Every structure is written in structure tokens, then in C-alpha cells.
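Since the structure comes first, as C-alpha cells, the remarks are kept for the end.
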Amino acid sequence: MLKPNVIHFDEIDSTSAYLKREADNLTNFTIVETDFQSAGKGRKNRKWYSPKGENAMFSILIKDIDIINRFPLLSLLSCLIVRNYIASLGVNNVQVKWPNDVYINGHKTCGILLEGRLPDYVVIGIGINLNQIEFSDEYRIAPTSVAKELGHKLEKQAFLEGLCEYLLNSLEQFKNNLYDVINEFNNFNYLKDKEVTFIDHDNELKGTVIGINDGGLLKVKVENTIYEIYSGEVVVK
């Protein structure tokens, strides 16, 4: 079994930023977790704020070349790992939203961001709404949390330890080609069959999501054409 090196901070700018700064000095599968991030971020450098001590925030450093070589699927795999672990706690209707979010009952619960310096290392940053109950009204669709869905709060350290063990076991399966990421992602794909808008060469298009292809790209049908989307915003109508 893969063995992690776990580092805890009461407060830090960003767990992923720390791992990127110290990557050359840290071992494979080092995990950094914190109670508070002063400069957490999501996709497109959006700020991500979490009240101190309420949620699960951690990042993992990957230097294993066999895993790094399958980088296009790592974001999808990370979503599935979090999705499956949350579901194992008794939470219903947990889905994955391409390319890097986890939803419960149609509400965002987790965001994941991959950064790194290929082929040297990849950092997977994970932020999970764990015990937060109240959220600001700035979101188009209000987020939710594991505690809100279960009806009770969880002990954060026990949650993190269980998730990290599950994460490392899943990465080992992935490394050995024993994890069918595409089929599993399609089974829990929040966007499947939904009408969405997306941008293609500066043009906004509207179509229906039909799934994920073998390379992890999102397939959207627009009239009689199938678009395969590598990255970008996909908005549910």
C-alpha cells in the first residue's frame, strides 16, 4: 500500500502552493492539510474561502511517473475518489461534475484543482464543504456540505484520515490500470443528458451532454455535431 507523509498547518496561504514551493524537497504522496487557507483558489484563479476549521482542505503531491503519465484522467479520478468516499458515509445522490467538482443533490460540495510541473510532479488540491452549514448568497446555485446533507456534523480528522487512506488505495489501483475511470465517471456524471452552454472558438453554443470520451473529454451534441471539450466553462441551462 502507498504510504503518505502528512503535514498539518493550523493556517497557511494554500496547501497546494506550499507543495509547489517545496516539491523538490518532499517525498512522493506527501499530503498537506490545514484548518484555514488565506489564499485558497479554484479554477481560473478564483478565490476560494472557507471558515476556519469547518471544512476539509488538503493537497497531495504526486511524483510517481506511472500516475503522472495518465494526467488527463487524474482530475476525473480525484472527483470519483471523493464522490465514492462521501457516498460510503451514507450520503445519497452524490455525483461528479466534469471536470473537477463533486455535487450532492445538484449542489456543489467539493472542488478539485490540479497543478504542477510535468513531468516532475502533480499537486491535487481538494476542498470539501464538510461541516459548513451557512453559505453566502453570491452563488447562482447555493452550495451544500456533507454535514448539511447528513443532518449532523462529522469529526474532521477522522474524515480526513479515512479519505486519505481511500485516496491512496485508489491511486494504487489507478497506477496498476485496475480503475475504470471513464465508465465509472459516466455512471455518476451530473451533466449527462443535461442541456448546457459552452464556448467554442469565441462562439457560445448550446447542446446536450452525452458523456465522457476515453480521453476524459466532455462530449456535447449540438444538432448533428459532437463536440469534444477539453476545458472551459460548461453551464447547465
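The values are calculated or read from the model by the stated rules, or taken from the named source; none is laboratory data. All of these numbers come straight from a predicted model, not from anything done at the bench. Neighbour counts run over all protein chains shown; Cβ positions are idealised from the backbone, glycine included. Ligands, DNA and RNA are excluded from the accessible area calculation, which covers all protein heavy atoms including side chains. Shrake-Rupley method; radii C 1.70, N 1.55, O 1.52, S 1.80 Å.
Exactly one of these conditions fails for S170: (1) surrounded by 13 or more Cβ atoms within 10 Å (Cβ to Cβ); (2) among the small types (G, A, S); (3) over 30 Å from K52 (Cα atoms). Give me its number.
All conditions are met except number (3).
For region 6-30, which positions are over 16 Å from R117 (Cβ atoms) and assigned to a helix (DSSP H, G or I)?
The answer is T15, and nothing else.
For A147, which of the numbered conditions (1) free of Cβ contacts under 8 Å to residues at least 60 places away in the same chain; (2) open to solvent by less than 20 Å² (accessible area, probe 1.4 Å); (3) closer than 26 Å to N5 by Cβ; (4) aliphatic (A, V, I, L, M) fails to hold?
Failed condition: (3).
Here are the criteria: (1) of a type outside the set (A, V, I, L, M); (2) open to solvent by 10 Å² or more (accessible area, probe 1.4 Å); (3) over 23 Å from Y18 (Cβ atoms). Tell me which single one G116 does not satisfy.
Of (1) of a type outside the set (A, V, I, L, M); (2) open to solvent by 10 Å² or more (accessible area, probe 1.4 Å); (3) over 23 Å from Y18 (Cβ atoms), only one is false for G116: (3).
Go through region 190-217 and report how many residues are outside any loop (DSSP other than H, G, I, E, B), closer than 24 Å to L74 by Cα and either of a type in the set (G, A, S) or open to solvent by 80 Å² or more (accessible area, probe 1.4 Å) (or both).
Total satisfying the criteria: 2.
Looking only at region 39-72, count every residue that is at pLDDT 95 or above, part of a helix (DSSP H, G or I) and surrounded by 15 or more Cβ atoms within 10 Å (Cβ to Cβ) and tell me the total.
Result for region 39-72: 2.
Please go through region 1-37 and pick out each residue that is more than 18 Å from N55 (Cα to Cα) and of a type in the set (A, V, I, L, M).
Once the filter is applied, which keeps residues that are more than 18 Å from N55 (Cα to Cα) and of a type in the set (A, V, I, L, M), region 1-37 yields M1, L2, A17, L19, A23, L26.
Of all residues in region 218-237, count the ones that are part of a loop (DSSP other than H, G, I, E, B) and in contact with a Ser or Thr (Cβ under 9 Å, 6 or more places away or on another chain).
Total satisfying the criteria: 2.
This table checks each residue for (1) at pLDDT below 95; (2) farther than 23 Å from V32 by Cα.
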residue	(1), (2)
A87	no, yes
V94	no, yes
H107	no, yes
I112	no, no
N131	no, no
E138	yes, yes
T144	no, yes
